[in-house]
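Each remark here refers to the structure printed beneath this line.
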Amino acid sequence: MNQWRASFRCLTLGTAVLLAACASQKAQISPEVTSGLTQVRAQAVQIKQQLTRTNESGRTLSKSSGSELPSSLDAVSANLDSLDSTLGVTRQAVRSVQDQVAAYFFNWDKQTRAMSDEMQKASQKRQAEAAASFESLRASIGDVRSGLSQYMSEMSEIVAYLRTDLTPAGLHAVSSRLSDTMAGEPAIQRNLDAVISKIDAIQNTKN
């Protein structure tokens with residue numbers, strides 16, 4: 001996400017001040033930079049679905065006993081693998097959008113430098129409004145990334161442990177940690193909803 005912040009360095013000090021003032025305003029963004037957000041949005045929806053399936057398999061595992069344990073653990077492991085694969089695709093999509101945003105703001109600033117002071121002032125305000133929208137989205141994506149990183153790490157370690165002690169006693173030993181990890185799902189889902197909502201807001205206000 002640091003690339004988004006770096007892309008805003010082309011803005012003047014006056015624009016940076018306007019950024020805070022215009023954060024609550026709707027900013028119209030050119031379609032050339034919002035197009036890449038479509039894939040990021042689709043990936044966010046897919047992550048929501050896979051996260052739900054992973055947590056459901058985790059709940060099934062927590063209630064399993066005896067001969068049910070191997071299949072229940074395999075289901076959790078398979079869902080984690082699918083979720084991890086989707087996260088990899090999502091990271092690539094986000095990096096692509098970062099590059100688009102960086103190029104967009106660089107070219108925008110470059111093209112307006114030769115214009116009159118009045119036009120530059122208008123451009124700086126528009127840049128600030130656009131930058132505020134993307135900065136808010138960047139923050140929400142960061143929240144999702146943080147939450148999912150912890151969730152994936154915890155669930156993966158639980159699966160790894162149970163591979164070495166796949167017994168009712170072994171499951172009991174990690175039951176508290178499993179419950180705590182699954183309890184983090186609602187917050188991640190809310191953060192994903194925020195990402196989707198902010199992408200919709202950006203795309204619905206494009207020129």
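None of the figures in this text is laboratory data; all of them are computed from the coordinates on show. Quantities reported herein were computed from a predicted structural model and do not represent experimental measurements. As a convention, Cβ positions derive from the backbone with ideal geometry for all residues, glycine included, and neighbour counts pool all protein chains shown.
Farthest toward the positive end of the dipole of the stretch 53-106, out of Ala75, Gly58, Ser96, is the Cα of Ser96, where the dipole comes from beta carbon charges about the Cα centre. A protection proxy built from the mean count of other Cβ atoms within 10 Å ranks the segments 83-96, 161-174, 39-52, most packed first, as 39-52, 83-96, 161-174. Across the stretch 63-79, computed HN-Hα scalar couplings (Karplus, 6.51 cos²θ - 1.76 cosθ + 1.60, θ = phi - 60°) run 9, 7, 7, x, 5, 6, 4, x, 5, 5, 5, 4, 5, 4, 4, 5, 5 Hz from first to last residue, x flagging Gly and Pro.
Dipole size of the stretch 155-201 about its Cα centre, with +1 on Lys/Arg Cβ and -1 on Asp/Glu Cβ: approximately 40 debye, rounded to the nearest 20. Would you mind calculating the relative contact order of the stretch 133-207 from Cα pairs under 8 angstrom and at least 6 residues apart, reporting the percent as a whole number? Relative contact order here is 54 percent.
Computed from phi, the 3J(HN,Hα) profile of the stretch 169-184 under the Karplus parametrisation 6.51, -1.76, 1.60 (θ = phi - 60°) reads 5, x, 5, 4, 5, 10, 4, 5, 5, 4, 4, 5, 5, 5, 5, x Hz, with x in place of Gly and Pro.
For the stretch 37-84, relative contact order (Cα pairs under 8 Å, six or more residues apart, normalised by length) works out to 43 percent.
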